[in-house]
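Quick notes on the structure that follows.
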Amino acid sequence: MSTPSTETSYSGRDNLEAMKRATRYNDFLVNLVLQHTDNGRVLDHGAGAGTFARPIDASGADVICMEPDDDLRAELRASGFDVAASLADIAAGSADYAYTLNVLEHIGDDAEAIAELYRCLKPGGRLVISVPRYFPERICWGLSREYHQANQGHVRIYRKKALIRMIEHTGLTLYRVHYAHSLHAPYWWLKCLVGPTRNDSIAVNLYHRFLTWDILHHPRLTRQLDRLLNPILGKSLVLYFRKPR
């Protein structure tokens, strides 16, 4: 597996296109950010196609995007965003908030990226991070070589304590941590077991129908089940940090 540069040389365009269609998942991540912002200057680290930057900007925040891919950066700039190719191009202490959602696992020198995010934040500024959780993701990689190859842009899978220790070493202070998307972990295990691209599995399709039916007709039940199972099965690890004043 090749190791991307500090900012990441992995654009993951196919994955970005797939993620555009995951509207409920994207809405969840956007809400995570909006719960911790007050419409100040917000830094999107690894903005991609603007999946998160666009709704957050529409909420009233002033979003600056960091995106190393030339084509994606041009698209963001054409949409009116202030865009940087590297965190080094962003002034120190210029962001009230920052978020990096499913990006750190693609970066070769993640410690340097976190140090740069620290530099970009104002004193008292906050950082929201989401990464795949070690336990569910490792099962997916173990069940399916095809899934592993599809995620070859992932340099690592994080363990919670090690990730927190690395981030706090920069001076950031953790103030909240939780897991998310527990109901989707069994779905991906089933898909990896039969083959991630296979569409004729009865078990996978039945589980997907359950998720879709439940989300459409009983969203409150879905949220309650997800919250109950997250400590055990949550597929995403979400961390919140603050830069000391």
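Pull out the extension gain between F28 and R138, defined as 0.36 nm times the separation in residues minus the alpha carbon to alpha carbon distance; nm, one decimal.
37.3 nm is the gain from fully extending F28 to R138.
HN-Hα J couplings of the range 95-100 from phi, Karplus 6.51/-1.76/1.60, θ = phi - 60°, integer Hz, Gly and Pro as x?
Ordered by residue, 3J(HN,Hα) equals 10, 6, 9, 8, 9, 9 Hz.
Each residue of the range 76-81 in turn: what ³J(HN,Hα) in whole Hz from Karplus with 6.51, -1.76, 1.60 and θ = phi - 60°, glycine and Pro shown as x?
5, 5, 5, 8, x, 7
Sum up the charges of everything whose Cβ sits under 12 Å from the Cβ of E137, counting Lys and Arg as +1 and Asp and Glu as -1, but leave E137 out.
+4
With an 8 Å Cα cut-off and a minimum separation of 6 or more residues, compute the relative contact order for the range 110-245 in percent.
Across the range 110-245, relative contact order equals 46 percent.
Need the full-extension length gain, R223 to N199, defined as separation in residues times 0.36 nm minus the C-alpha distance. One decimal, nm.
Working: separation 24, 0.36 × 24 = 8.64 nm, distance 2.66 nm.
Taking 0.36 nm per residue and subtracting the Cα distance, the gain is 6.0 nm.
At what distance in nm do the modelled label points of L174 and A88 sit from each other, each positioned 7 Å from its Cα along Cα→Cβ?
3.0
About the Cα centre of the range 33-185, how large is the charge dipole given +1 on each Lys and Arg Cβ and -1 on each Asp and Glu Cβ? Please answer in debye to the nearest 20. Mind showing how you got there, number by number?
Details: 16 positive and 20 negative charges, 170 e Å.
The calculation lands at about 820 debye.
Kindly identify the range 100-205 as rounded, prolate or oblate by the Cα gyration tensor criterion: order the square roots of the eigenvalues as a ≥ b ≥ c, call it rounded if a/c is under 1.5, otherwise compare a/b with b/c, prolate if a/b is larger, else oblate.
Here the range 100-205 falls in the prolate category.
List the chymotrypsin sites (Phe, Trp or Tyr not before Pro) within the range 107-151 that DSSP assigns to loop and that have no more than 14 neighbouring Cβ atoms inside 10 Å.
Loop-located and lightly packed - none at all.
Every number here is computed from the coordinates shown, using simple stated rules; none is lab data. Worth saying up front: this structure is predicted, and the values here are computed from it rather than measured. Positions of Cβ are backbone-derived with ideal geometry, glycine not excepted, and every protein chain shown enters the neighbour counts.
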